[in-house]
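In what follows, a structure is listed as structure tokens, so that the remarks can point back to it.
Each reported figure results from applying straightforward, stated rules to the coordinates on display, with no laboratory input. The structure presented is a predicted model; accordingly, all values stated were derived computationally and were not measured. Because the Cβ atoms are built from the backbone with ideal geometry, glycine has one as well, and the counts that use them run over all protein chains shown.
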Amino acid sequence: MTFLRHHLLRTARPIIGSARPGDAVAIGAILSDWIDETDWMPRVHKREDEQAFAADLVSRGWVSVARQRGRVVGFLARDGAEVVALYVARGARGQGVGRALLTRAKRRSTRLALWTFQFNHPARAFYEAQGFDEVRRTGGAGNDEKLPDIRYAWERRR
């Protein structure tokens, strides 16, 4: 493959849409892969449980996916104003996938809120750059991993 073709394929603008039932496997894999590659993140659930979690999010109709060349490369799960999950596959990070997913969520809601781990500095910088404000911090008692976390909120300005 030529460099130019590789570059164009890799940086193709993501197509954002609603998740389909068959997307749950790719969604679960993106989540599991992120856990595996994040050294500070403990694995508290089996990969099979993460797959079941992904399938549940999709069946509830909460998930938007980003596709590049027909492949799911990122997802955002939202229950009303609560962003439950936002993950992008390693090879698609830094290409506007997360921003595109979050932009879609912002267009559909006047306010959004989410939790992220205090150790997740790239996510924190991303959310702050997208207009989210830190609301509070906790020691992690409310999450399965028991890691310190931060609550962020965004509200459309008139």
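Taking the condition of being surrounded by 15 or more Cβ atoms within 10 Å (Cβ to Cβ) and either in a helix (DSSP H, G or I) or aromatic (Phe, Trp, Tyr) (or both), how many residues in segment 80-98 meet it?
4
Of these, Asp39, Asp33, Asp56, which one is part of a helix (DSSP H, G or I) and either free of Cβ contacts under 8 Å to residues at least 24 places away in the same chain or within 24 Å of Glu134 (Cα to Cα) (or both)?
So the residue among Asp39, Asp33, Asp56 that is part of a helix (DSSP H, G or I) and either free of Cβ contacts under 8 Å to residues at least 24 places away in the same chain or within 24 Å of Glu134 (Cα to Cα) (or both) is Asp56.
Taking the conditions exactly as written (among the β-branched types (Val, Ile, Thr), surrounded by 18 or more Cβ atoms within 10 Å (Cβ to Cβ) and either in contact (Cβ under 8 Å) with a residue 24 or more places away in the chain or not in a helix (DSSP H, G or I) (or both)), does Val72 satisfy them or not?
Answer is yes for this residue.
Are any of the residues in segment 61-71 β-branched (Val, Ile, Thr) and in contact with a helix residue (DSSP H, G or I) (Cβ under 9 Å, 6 or more places away or on another chain)?
Looking through segment 61-71, at least one residue is β-branched (Val, Ile, Thr) and in contact with a helix residue (DSSP H, G or I) (Cβ under 9 Å, 6 or more places away or on another chain).
Against the condition surrounded by fewer than 16 Cβ atoms within 10 Å (Cβ to Cβ), under 15 Å from the mean Cα position of the chain (by Cα) and closer than 15 Å to Gly74 by Cα, how does Gly28 come out, does it pass?
no
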